[in-house]
1. Which ³J(HN,Hα) values, rounded to whole Hz and listed in residue order, are derived for region 149-154 from phi using the Karplus coefficients 6.51, -1.76 and 1.60 in 6.51 cos²θ - 1.76 cosθ + 1.60 with θ = phi - 60°, glycine and proline given as x?
2. Which of the lysines could be linked to K36 by a straight reach, that is with a Cα gap under 26 Å, when you skip same-chain ones fewer than 8 residues away?
3. Counting only Cα atoms, I'd like the Rg/Rh figure for region 169-261, Kirkwood definition for Rh.
4. Out of all DSSP beta bridges with both ends in the chain, state the antiparallel percent to the nearest 5.
5. Out of all DSSP beta bridges with both ends in region 101-221, state the antiparallel percent to the nearest 5.
6. K144's amide H: which non-local residues (gap 5+, or another chain) put their own amide H closer than 5 Å, with H modeled 1.01 Å from N in plane and none for Pro or chain starts?
7. Go through (i) 58, 38, 33; (ii) 60, 44, 42; (iii) 53, 45, 30 and flag the label whose value is the computed Cα extents along the principal axes in Å for this structure.
8. Please give the calculated 222 nm ellipticity per residue for the chain, where each DSSP H segment of at least 4 residues contributes -39500 (n - 2.57) and the sum is spread over every residue; nearest 500 deg cm²/dmol?
Amino acid sequence: MDFFIRLLQRLKLYNAAKTIGAGFYRLTPRYEREQKTMLSFYGQFIHTGDMCFDIGANVGNRAEIFLKLGARVIAVEPQSSCVRKLEKKFRGADRITVIREAAGETAGTAELMVSEATTISSLSPEWINSVRESGRFSAYSWKKREQVKVTTLDRLISLYGVPVFCKIDVEGFEYQVVRGLTQPAGVISFEFTPEYLEPVLSSIHYLSGLGDAEFNYSPGETMKLALENWVTANEITSILKTLPNTSIFGDVYVRFLKTDS
């Protein structure tokens, strides 16, 4: 597989092949099954009229699901090529706002390292080094650079309100993103990879300090919570540190508990 990826990259055909393949895939029964699975999974968190943040929206696969569930979506994406696709995909949709920015700890600007596979472009050189060295994404490169604007979760909340659900998929920049939040905010999901776990554990610790929270995780793209019961920050930290399969990746889910005021 790595050989074919590198061949397509040398011929500058990777993105074209990926786009064509994605178009055909949307016509398959498997695609329909995956859509139903995602609707069922995210439907436990999101309902009609809810506000959702999609941080690292890429080309809108999750934003599309959130819209189907009846939510209002704030899609935050810094990559210029992805923003063009988002604007084209959701042209005329009245419940989504596309923002061409990254999210981080403070507002400003940053350098985005852009991969030919847009899903793994990143603001974190440390994460890139980790996934290269582990072999997870050794076939890819991050040669292009884009200067991008950076906002914060707090600023987004001041503009659009507190989200019921916030999906964060920022390839190693998760800790910086959650550091830009200073209040509880519904349910938050963010990605983890075992070779770059410490910032994920720091994110868990930070979020647990914002309010009464409980945690779960979903391995890979299973769209299933691994734990029958939600657990504490210390418990999810221990679980992630001792996962038997060191190649596993997935998403951590944080649920802030409502308290009587």
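Read the figures in this text as sums done on the coordinates, not as results from a lab. Note that the coordinates shown come from a computational prediction; the quantities given were computed from them, not determined experimentally. Positions of Cβ are generated from backbone atoms using ideal geometry, with glycine treated the same way; all protein chains shown enter the neighbour counts.
1. Ordered by residue, 3J(HN,Hα) equals 6, 10, 10, 10, 4, 4 Hz.
2. K18, K68, K85, K88, K89, K167, K224
3. A ratio of 0.94.
4. Details: 22 of 41 bridges.
Given both bridge residues lie in the chain, the antiparallel proportion sits at roughly 55 percent.
5. Numbers: 8 of 14 bridges.
Taking every DSSP beta bridge with both residues in region 101-221, the antiparallel ones total about 55 percent.
6. For K144, the qualifying residues are V114.
7. (ii)
8. Values: 10 runs with 96 residues, N = 261.
It comes out at -10500 deg cm²/dmol, rounded to the nearest 500.
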